[in-house]
Amino acid sequence: MTERYNPAEVEKKWQAKWEADGLYQTTDDDRHKFYFLTMLPYTSGDIHVGHWYAMAPADTAARYRRMRGLNVFFPIGFDAFGLPAENAAIRQGIHPHKWTYDNIDRMRRQIRSIGTMFDWTSETISSDPEYYRWNQWFFLKFLEKGLAYRALAPANWCPSCQTVLANEQVLPDGTCERCHTSVTQRDLEQWFLRITNYADELLDLSGIDWPERIATMQRNWIGRSEGVEITFGLDIPGVDQKELRVFTTREDTIFGVTFMVLAPEHPLVPLITTPDRRAEVDAYVDQARRQTEIERLSTERQKTGVFTGAYCKNLLSGRDVPIWIADYALLWYGTGAVMGVPAHDQRDFEFAQQFQIPVRVVIAPPDWDGEPLEQAYLDPGVMVNSDRFDGLPNDEGKEAIADYVESEGWGKRTVSYRIRDWLISRQRYWGTPIPIIHCPECGAVPVPEDQLPVLLPEDAEFKPTGESPLATHERFVNTTCPRCDGPARRETDTMDTFMDSNWYFIRYLSPHYDAAPVDPERAEKWLPVDQYTGGAEHAVMHLLYARFFWKVARDLGVVRGDEPFLRLFNQGQIMGPDGQRMSKSRGNVVAPDEYVARYGADTFRCYLMFIGPWDEGGPFGIEGIAGIWRWLNRVWGLVLNQPSFGQAPAEAVRDLRRLTHQTIRKATADMERFRFNTLLAALMELTNGLLRHRDAGPVDRDAWSEGVQSLLLMLAPVAPHVSEELWARSGRPYSVHTQAWPAWDDDLAREDEITLVVQVNGKLRDRIQAPADIDEERATELALASERVRQFTKGKQVAKIIYVPGKLVNLVVK
RNA sequence: GCCGGGGUGGCGAAAUGGGUAAACGCGACGGACUUAAAAUCCGUUGUCCCGAAAGGGAUUUGUGGGUUCGAUCCCCACCCCCGGCACCA
């Protein structure tokens, strides 16, 4: 009676041994380095199926690369600052620090139970002073380089989180990314990082192997558009400003301008509005300000707006243009002003229709005979009604007008971006303090580097008030100015937690190094990251910020190279059995613990990889897990209950070896593509094949041993514990995880016999076993000789014979 | 509306330089073991039709067309699901 497979025992035993041996501690040696990174988890409390789905396949891929002879660095850490800690603290009366570090203890244990090869010696926790100290250091460097600045600006305010949000943290429906409350606007003094300085460089994703989808999302987010800033004349008594600038990408339509639109918040609005229009304008501005983003961004809605009573002058045509305000003009984009060309812009067209503003065609549609347009004409055409530019194709006209405007000094070619600078101030407690001291004499003074870190005080009252909780902490706030020694106050805002995830993977290399953010030697050896895996939900936040941050770190000489993550793979999202996102409130969360306790981590890991392609994710049903459990038990029995060895038929030996080598070939290809589902299917087939041979009679000892050994080696990355146990029990030397990935032999993998398919008019009529190297003549002969085929060719003429080597013969009959 | 990804058995899914559709599993059904159940093992299993059976035939990859000797794969039109973007001048 063989001992049964007891996963709990096996897993506990090997996890302890691996740890005691430091089996997964990365060493500096002369193997080629490979930095494999999985996104670090937020310290939310428990490791759930989503974490397993991110970590287990990543671990498998990392282990595979290690077996391929690479020196793999596979670190882990915790994204530990952030609002949930604070909210939980307020709700439960626990300090955010305690909540966070208790969670980390629990999560560490749970992550270990997965059986990953994480190198825990490099663990990094973003709320540790030894980590956030360098956030502060980077902030000071950004400041020195003019890449950090403070400005009074309208900011996205979440009334529930009681803090401002970055644009990226506001969802398309105008709600907060965290709590889905409608975001409002507030004017506040805020710290910004100048990500726009790097917009063009960030737009270039050509040097990295990323999913096209993510690259496209980043490009759309940055939203570069080339155009011209054009000046319109302004001559209003009592208004100093004598020009109004607009940004346009359609300078070729400049002669078609029949109105001007300013954003309601535009600073000129109160100055230029004529007394008779003032009441109406004020009412409109007021209403626009009160609107939520959701209402304002609705494209379905009819255009609204009001006339200010003022006019500006189109310098090219000399015409006076009425100035309106409308909420479809956005203050932050371009210059906050739009030139209205209803004939050639659909939005302007709708606006003009709404308010009976004339439509002036300046690009003639083909066969146009002067009749009014039914909608804006956007396609190319010949310019008309455009004075000296008449008759030019509009693409040439574009250049000509841009040249003319520049030569007259009425404007210049320019580039506009959708992306705005990154707002990093947060009015909350649990984050990195911004290292600034406000002095009444000297202004905003950076904290000297040697005084870092500015420690987050433990004993703050952290109830949200709309102001940072640090503001009421007297000991924290009151300090002296580093410049003049006078009394001064500390900045009380903390940093957006996306600052933390910007560079954690750099810190992993030397988490306790205290002379710089990273030990230069370690950075030189290990960076950049060779393979990054994580969810696609970070496409325009973390993944864009981190690229920006890296480029600045490069310019600071901290790292080398232009990109932090050479290859990116996005795993899919695992959802509840109901197809909805897993959440406690929906009650559709599948807790791994129950299944891990019953079947073990190996089974659970394998099951997650087996349910489908890793990049697809999808609803998670647990039903099939028994199949994996049975399979691992079959493998167990296979290794422990050996067949009777002896003289096996040559054909059987050949078959077994062929299966082994075909499986290695398939498994290797699947590992390279992260196709774990088909990889596991192949390993199951090898298992079933071995069992078939065992039950069929005497088995060749060498062929058997080769098959079992290969199976265990290929099993090692997917099911690290049971493979180690079986490797040991079959008398092989510790550890299976330091072995080389098996190699296949093409000759052994080759089929000598094929199933020749015979079709008549494309329909399958017979299958004939034939040698793999059969030639056309012989194949055709066999096909025509088939009794079954003859039934379908009888009385008909064979008009054509198609032969596909190694596959089929198709007889075309009439 | 625009840009991606997808739609294949009862279920999760395989297979696309056009060539045996449904590998590998789950579930279901039948059987073995058992006093019994669980566990395990063996067999069957896309659908429909003919047949007592052996077997045979038709049909099937969201829908409708097209190209081809042959289409899950290529082309056109449409429907549905998921993700992203959406008044960006």
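Key figures for this structure:
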quantity: Scattering curve values for region A:224-417, log₁₀ I(q)/I(0), Debye with Cα scatterers, q = 0.09, 0.12 Å⁻¹; calculated: -0.32, -0.58
quantity: A:Asn385-A:Gln642 pseudo-label distance in nm [points 7 Å out on the Cα-to-Cβ vector]; calculated: 9.4
quantity: Angle in degrees between helix A:650-672 and the longest Cα principal axis of chain A, rounded to the nearest 10; calculated: 10
quantity: Förster radius 45 Å - calculated FRET efficiency between A:Val589 and A:Asn688, Cβ distance, rounded to 0.05; calculated: 0.85
quantity: Calculated on alpha-carbon atoms, Rg and Dmax of region A:710-759 in Å; calculated: 16.5, 54
quantity: Residue pairs, from the table A:Lys98/A:Lys584; A:Lys17/A:Lys98; A:Lys33/A:Lys666; A:Lys313/A:Lys412; A:Lys242/A:Lys398, whose Cα atoms sit over 29 Å apart; calculated: A:Lys17/A:Lys98
quantity: Where region A:592-749 is the region considered: accessible area per residue in Å², 1.4 Å probe; calculated: 39
quantity: Separation between Cα centres of region A:198-241 and region A:494-564, rounded to whole Å; calculated: 25
quantity: Mean residue ellipticity (222 nm) of chain A, computed from DSSP H runs ≥ 4 via -39,500 (n - 2.57), nearest 500; calculated: -11000 deg cm²/dmol
quantity: Cross-link partners of A:Lys145 among aspartates and glutamates (Cα-Cα below 13 Å; sequence separation of 8 or more within a chain); calculated: A:Asp555
quantity: Positive-end residue, region A:386-470 charge dipole about Cα centroid, Cβ charges, pick of A:Ser425, A:Phe389, A:Ala402; calculated: A:Ser425
quantity: Degrees, to the nearest 10: A:625-640 long Cα axis against longest axis of chain A; calculated: 40
quantity: Using a Förster distance of 60 Å, the FRET efficiency for A:Ala740-A:Asp369 (Cβ separation, nearest 0.05); calculated: 0.15
quantity: Length gained when the stretch A:Ser730-A:Arg634 is fully extended (0.36 nm per residue, less Cα-Cα span); calculated: 33.0 nm
quantity: Angle between chain A longest axis and helix A:720-729 axis [Cα atoms, degrees, rounded to 10]; calculated: 20
quantity: Apportionment of accessible area to carbon and sulfur, chain A, percent (1.4 Å); calculated: 49
quantity: Among A:732-745, A:112-125, the order from most to least packed when residues are scored by Cβ within 10 Å on average; calculated: A:112-125, A:732-745
quantity: Exposure ranking of A:Tyr532, A:Tyr101 by accessible area [1.4 Å probe, largest first]; calculated: A:Tyr101, A:Tyr532
quantity: Chain A, Rg to Rh (Cα coordinates; Rh as Kirkwood inverse mean 1/r); calculated: 1.07
quantity: Globularity ratio of region A:751-814, using Cα Rg and 2.2 N^0.38 Å; calculated: 1.02
quantity: Per residue accessible area of region A:184-231, 1.4 Å probe, in Å²; calculated: 48
quantity: Segment A:Ala8-A:Arg301, extension gain: residue separation times 0.36 nm, minus the distance between their alpha carbons; calculated: 99.4 nm
quantity: Within region A:690-769: Cβ-based charge dipole about Cα centre, in debye rounded to nearest 20 (Lys, Arg +1; Asp, Glu -1); calculated: 360
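The values are calculated or read from the model by the stated rules, or taken from the named source; none is laboratory data. Just so we're clear, the structure is a prediction, and the values are computed from it rather than from any experiment. As a convention, Cβ positions derive from the backbone with ideal geometry for all residues, glycine included, and neighbour counts pool all protein chains shown. For accessibility, only protein heavy atoms count, side chains too; no ligands or nucleic acids. Shrake-Rupley method; radii C 1.70, N 1.55, O 1.52, S 1.80 Å.
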